[in-house]
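The values are calculated or read from the model by the stated rules, or taken from the named source; none is laboratory data. On a predicted model such as this, the values are computed, not experimentally measured, just so you know. Glycine also receives a Cβ, built like all others from the backbone with ideal geometry; neighbour counts cover every protein chain displayed. Heads up: the accessible areas ignore ligands, DNA and RNA and are worked out on the full protein's heavy atoms, side chains in. Shrake-Rupley method; radii C 1.70, N 1.55, O 1.52, S 1.80 Å.
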Amino acid sequence: MKYFQPRSVSEAVELARTTESSFLAGGTDLVLHMQTGKVQPKALIDLGKIAKLREIIEAEDYLEIGSMATFAEIGQSNLVSQNAFALWQACQTMGSPQIRNKATLGGNLGNCSPAADGLPPLLALGAEVHLITREGEEIIPLASLLISTPLVPQDTLIRGFRIPRKGLQSGFAKLGRRQALAIARLSVAVAIEVKGKQVGKVSVALGAVGRRAFLSETLGLALSGQELNEAWIEKGVEEVQRVVRIALGDRASAPYKRVAVAGVFREAVASFIPEGGSMV
Amino acid sequence: MNTRVVGSRVVREDAWGKVFGQTKFPADVNLPDQLYGVVVRSPHPHARVRSVVIEQAMGLPGVVTVLTAKDVPSNSHGVLFRDQPVLAEYIRMVGDPIAVVGAETLELARAAANLVVVDYEVLPAVFDPEEAMTPDVLPLHPALRPTNVLYHMPIRRGSMVEGWARADVVVEQEYSTQHVDHAFLQPEAVLAHVDERGHMVVQTATQYAHYDRGEIAQALGLRFSQVQVKTMAVGGAFGGREDISLQIMAALMAWTTLRPVKMENTREESFYSHSKRHPMKMHYKTGATKDGKLVAMEARIVGDAGAYASWSINVLRKSAVHATGPYEIPNVSVDSYAVFTNNPFSGAMRGFGAAQTVLAYESQMDLLAKALGISPLEIRQRNMFKVGSTTATGQVLTGSVPLDQCLEKISPYLQSGVDSELVQLKLNIGESTPTEAEQGTPTVNSRKLSHRMKRRGIGLGCAWYGTGYGNGFPDVSSAFVEIHDDGSATVLTGAVDVGQGSNSIYAQIVAEELGLQSEDICVYTGDTDATPDSGTTAATRQTYNTGNAVLKAVRQAKVRLLDYAAHKFSCPTAEGIELEAGFIGVKGDPSRRMPLEDMVFQARLQGERFISAESSTALSTPVDLETGQGAPYWPYAFGCQMAEVEVDTETGLVRVLRVVAVHDVGKALNPTQVEGQIAGGVTQGIGYALLEELELHEGKIKNPAFSSYLIPTALDVPNIEAFFVEDPECTGPFGAKGLGEPAMLPTISAVINAINNAVGVRITSLPATPEKILAALADKKEELG
Amino acid sequence: MDIKFVVNKKPYTLNVDPRERLIDVLRNRIGLMGTKEGCGEGECGACTVIIDGKTVNSCLLLAAQADGCDITTIEGVGNRRSPHPVQKAFVEVGAVQCGFCTPGMVLSAKNLLDKITHPSDQEIGIAMSGNLCRCTGYDKILRAVKRVAEEGDV
Ligand SMILES: Cc1cc2nc3c(=O)[nH]c(=O)nc-3n(C[C@H](O)[C@H](O)[C@H](O)COP(=O)(O)OP(=O)(O)OC[C@H]3O[C@@H](n4cnc5c(N)ncnc54)[C@H](O)[C@@H]3O)c2cc1C
Ligand code: FES
Ligand code: FES
């Protein structure tokens, strides 16, 4: 097996085009899959030496997070906690300290497990993905990307993520069996636009209720443009249960998850709504 | 008794090597030119092997050997019966080893293992013990038992007719528990080689080196004197290293190839190569009078033994004997069964049959308390064992029975918890006293919104545990002691330290007796060429039983030393001689004393040495086969715990916020280690009650990995406050009893009872998963309309 | 392929197969047996090492990924003459039972205290949450780290 360690993005992309190889980020998924024989890449392109890909940058109207930024780095970033609180929260509870030190946000998308912790917050926050494809650079909403199969062609590099800086309030919660090293059995990310006592646009994304994380349009519609109060939360609880019921159909986990999601939703909104319902 | 070293917080000598990463576990040793062995295991739960084709595997360059059943001189092993093949031709469970491949590298061995072609005749399998018990299911071990019922233990005491007649309230309930894995952190590994003496040397991690030696010798057709089993550091055991795993296969390959052989399990292989905790179904019916006295109890317990006998008989016997809980009940009828199925075999695991019944008997106690309108504490205090009580097997408890003291100590903690702030990850540093502990310092004050749906509750659990092999089985420990010329000493015993710290306990005992410090004592254990057989590190017996043997041995050497010194100092009797702080001399006469080393050295010049060998045998008698009457264990250890939990009524998640544990230890030989056993036990108890479950599909393990078989992490454990009651057990070394297993028992029921206290639902099957809790809450809502 | 890294202050140049995991290189090539394999899937933390100031699971890392890095294994932390304060506290507090998790635990604790001298209880708990222990129930381990954190003499 060949192993490349490019120093620049262009070099990496070039290698991907000319060889039949897989990108290697932190390796917390890929190395495991190689170990179990689930994947047998012909060559690896280790992105670990490309400093540019790790950067977290504040642009005029968006925050750009490089695909190689680790969960630990994102979880320690003030920029992220200010602009994308839900994502910041997700980074605190993902895996374990050792995993967070290696696992990257790009790899989280690349692996795209149904329970990936990074994706619901990105979806709720309206993130776009910055790709480098055969044709060149491409910026595409994460929500649209998640509909395609395969996610990206083998030679497409996930360059990073752009999170619009719209001053959204956001929160994330996951339900795991333990307090650490817990794969999400359910996760909910909520982002809202606040206008005084009113909520403007609301986005709710769910994880571990389908093949991939998804943004629920139904929930967005049902919860946008209303007064933010107790009743709003209860309505959210009811709606989210309905959405999960429909999404899971008659899967074995459905009877449990469609009820339990209420608590996860409540937890997700708790991070920006204090008791009583008025804003912080 | 005043002691200096015993009872103090002596630091474990082995801890240093471990913190520096120097300590060698079996995977950490290698020999030049070693082969790597990999096992081919059955994917079927029940099958006959028609043929094993090894040509393709052997064809791979670097593959040296493939061994199958026909290569094993005596193809069987097992702790009670030799019913388990080393390499199987007849498969009784998924994971049964069929062949073992030896190659120059591990990768090659793995690749070759995949090339071994096995032709199976798949047979119908049975997974439900109740079904397996029925007479029309063919027996899995016809040579052993005509049906799949491996064991039935009845206990009959008093008259059930009378008992039920006296009962004003009766509660009846079915309980069940799950398959559980030991999940010790170090996967099995072994290094075997034939040494320059022509002896078979096997380095491994085991709970009982001498037993392994016997199994290896038997299978290979060697004499015990030709086989050396040397225990490396043991990375946790909890019962899972009692049955032999890779050792015989590695030895066989080393013997046939005359090359060193290394074998190491992956975590997945580990799940398939050791026993499991017995799942049990327990049907209980318990009656009490209106003044809260228990008068009758009936229980039917069915344990899934899985594919092989292992310790199932002893486990289900322990379940039966402990079925009442630590309570006096005059009329008892228990039927306990161990049943063969095609599930993974069940064997020893911390708690050994008494861990399952604690769920049932302590739930029954809370149900009765509720029916009678008295507190959980009250009903236990009215029925608990005291000195002079008679157990269901008719055993009169003499000696140390301090459950009353344990309950008294815990009672201040049983006030209902405050339902406000969340106390998360509170470390309670230093010795806690009830008042200190009551205060509680919340470090995380999560937002209330998400807590609106959370309810708190507390629960009480009591337990008892008979230590030792029991039932009249000869329970012998042995030790050699030598006092050296420089006044230091060495203890040799077969008893393996599996991590619990028995070695430092022996050092303390010897140091105490000889007036030395524990650093002056060398403890060497678990090497069959050098140490005497001291039984298995199980049944909570090493502190008590081997502790006794060590104490007897050092006392024997000491008697000779004192006699010699008396003569030397012209003191009329040895009673006038004392050993203190490295000196030996006449009591109260500072002019007639000398350094111990001078005395021992002078003695040597006169041909006198202070060396001893001793054994100690624990007492128990077999129970009557029809009535279960007898004195099956001694001593019994008692304990109680309080758990405070928080239940999220929307997600069903349970967090254990706090556990207070009070345990009877006779005498704490080393308080640090007692606390360590309690915290470890509590955490395993929490795992058992809430998280852990081996998921099986037709005998195949669906979660043979730490990512799917979940054990608690550092963030899942509550603040644990440990107390112990010291009521000396006169037969124990310095009054000590064991604690290893009892420590996890009360946790299980304390957590389950706390859930009930918090949200009013009773979980009767372990683990208490969020699914079960939500389903129970939904049922309750329906009932209430 | 050739890789270079520094392990416990000693430089190594090794020819490795790109598929080789760091744990195997440390144990089988360099002979550093203090790094343990408990699960091989990133769950147990027994294989924890510190790379460029961060704890990672060496079972999930290819040796090639560590090219150019600075690696600390348990063998690089303290010895009998001068134990690291974490090691001393582990021994004295009673945080060691079977010891299989211990090297990883010590490294996680050391790394925490290298970064934060006086971590809170919660910070300690989180820092230790990637290391499983089946024996101690974590109680004494957390207390040992807490003791060093309070003394703050790292
Ligand atoms: C013990 C453990 C616990 C875990 N816990 C969690 C958890 O709580 N939550 C969670 O979400 N996940 C968890 N994971 C999964 C994993 O850590 C995450 O999915 C992680 O984000 C993967 O990132 P990585 O950098 O390690 O990716 P890698 O393993 O390096 O790559 C993953 C996939 O993405 C592709 N890829 C990576 N980077 C790029 C890129 N820039 N462009 C194109 N393709 C790319 C790779 O080719 C590969 O197919 C856990 C894993 C382990 C082992
Ligand atoms: S062996 Fe690496 S985390 Fe378990
Ligand atoms: S001490 Fe045994 S696993 Fe931690």
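Observations on the structure shown:
- Accessible surface for C:Cys39 stands near 20 Å², nearest 10, in the context of the full protein assembly shown (1.4 Å probe).
- Using a simple spin-label model with pseudo-atoms 7 Å out from Cα toward Cβ, B:Phe601 and B:Leu31 lie 4.0 nm apart.
- Interface burial in the range B:756-771, defined as at least 50 Å² less accessible area with all protein chains than with the chain alone at a 1.4 Å probe, covers B:Glu771.
- Zero-based 10 Å bins, Cα pair distances in chain A, whole percents: 7, 30, 34, 20, 7, 1
- Taking the centroid of alpha carbons for each part, the range B:292-367 and the range B:39-99 are 34 Å apart.
- Take the accessible area of A alone and of C alone, subtract that of the pair with a 1.4 Å probe, and the total buried over both chains is about 2200 Å².
- Backbone N within the range B:3-39 under 17 Å of label point (7 Å from C:Asn79 Cα along the Cβ vector): B:16-23
- Accessible surface area normalised per residue over the range A:1-129 is 38 Å², counting heavy atoms of protein chains with a 1.4 Å rolling probe.
- The H on the amide N of B:Tyr151, modeled in the peptide plane, is under 5 Å from the matching H of B:Ala338, each at least 5 residues off or on a different chain.
- The stretch between B:Leu123 and B:Leu138 holds 4.3 nm of extra length on full extension. This uses 0.36 nm per residue minus the Cα-Cα distance.
- Size of chain C as Cα extents on the principal axes (Å, biggest first): 45, 28, 27
- Here the range B:463-540 and the range B:204-249 have alpha carbon centers that stand 18 Å from each other.
- The angle between the Cα long axis of helix A:9-18 and the main principal axis of chain A comes to about 70°, on a 0 to 90 degree scale.
- Share of carbon and sulfur in the accessible heavy-atom surface of chain C [1.4 Å probe, %]: 46
- Taking a ≥ b ≥ c as the square roots of the eigenvalues of the Cα gyration tensor, chain B is classed as oblate, since a/c reaches at least 1.5 and a/b does not exceed b/c.
- Prolate/oblate/rounded call for the range C:85-151, Cα gyration tensor, a/c under 1.5 rounded: prolate
- Dimensionless Rg ratio for the range B:474-618, taking C-alpha atoms and the 2.2 N^0.38 Å reference: 1.06
- Set of aspartates and glutamates near A:Lys42 by C-alpha distance (under 12 Å), chain-local residues within fewer than 8 positions excluded: A:Glu20
- Looking at the range C:2-76, the accessible area is 32 square angstrom per residue; that uses a 1.4 Å probe and ignores ligands, DNA and RNA.
- Estimated from the Cβ-Cβ distance and a Förster radius of 51 angstrom, the FRET efficiency linking B:Lys386 and A:Thr218 is about 0.20.
- Size descriptors for the range C:2-76: radius of gyration and Dmax over Cα atoms are 10.8, 29 Å.
- Tensor-based shape of the range B:677-785 (alpha-carbon gyration tensor, a/c under 1.5 rounded, otherwise prolate or oblate): oblate
- Label-point separation, B:Ser51 to B:Arg300 (7 Å along Cα→Cβ), nm: 4.8
- Zone residues, the range C:3-25, relative to C:Asp70, backbone N less than 12 Å from point 7 Å out along Cα-to-Cβ: C:6-10
- FRET efficiency for the C:Thr117 to C:Asn15 pair, using the beta carbon distance and R₀ = 41 Å, is estimated at 0.50.
- Estimated purely from DSSP H runs of n ≥ 4, each contributing -39500 (n - 2.57), the mean residue ellipticity at 222 nm for chain B is -8000 deg cm²/dmol once divided by its residues.
- Size of the protein assembly as shown from its Cα atoms: along the principal axes, largest to smallest, the extents are 100, 75, 72 Å.
- Summing charges over all other residues whose Cβ lies under 13 Å from the Cβ of B:Pro402, with Lys and Arg as +1 and Asp and Glu as -1, gives -2.
- Of the complete DSSP H runs in chain B, none spans 24 angstrom or more by Cα along the long axis with a mean Kyte-Doolittle score not below 1.6.
- Environment charge at B:Thr540 (Cβ cut-off 10 Å; Lys +1, Arg +1, Asp -1, Glu -1): +2
- Helix-only [θ]222 nm of chain A, DSSP H runs n ≥ 4, -39500 (n - 2.57) each, per residue, nearest 500: -10000 deg cm²/dmol
- In Å², nearest 10: area of B:Trp255 left accessible to a 1.4 Å probe: 80
- Each 10 Å bin from zero up to the one holding the largest Cα-Cα distance in the range A:169-270 carries the following percent of pairs: 16, 52, 26, 6, 0.
- Cross-link pairs beyond the 32 Å C-alpha cut-off, checked among C:Lys54/C:Lys88; A:Lys52/A:Lys166; A:Lys49/B:Lys262; B:Lys558/C:Lys88: A:Lys49/B:Lys262; B:Lys558/C:Lys88
- Calculated FRET efficiency for the pair B:Lys780/B:His283, C-beta based, R₀ 22 Å, to 0.05: 0.45
- Expressed as a whole percent, the accessible area of the range B:600-752 that falls on carbon and sulfur atoms is 54 (1.4 Å probe).
- For the range B:177-251, the fraction of alpha-carbon pairs in successive 10 Å shells from zero, as %: 21, 50, 22, 6, 1, 0
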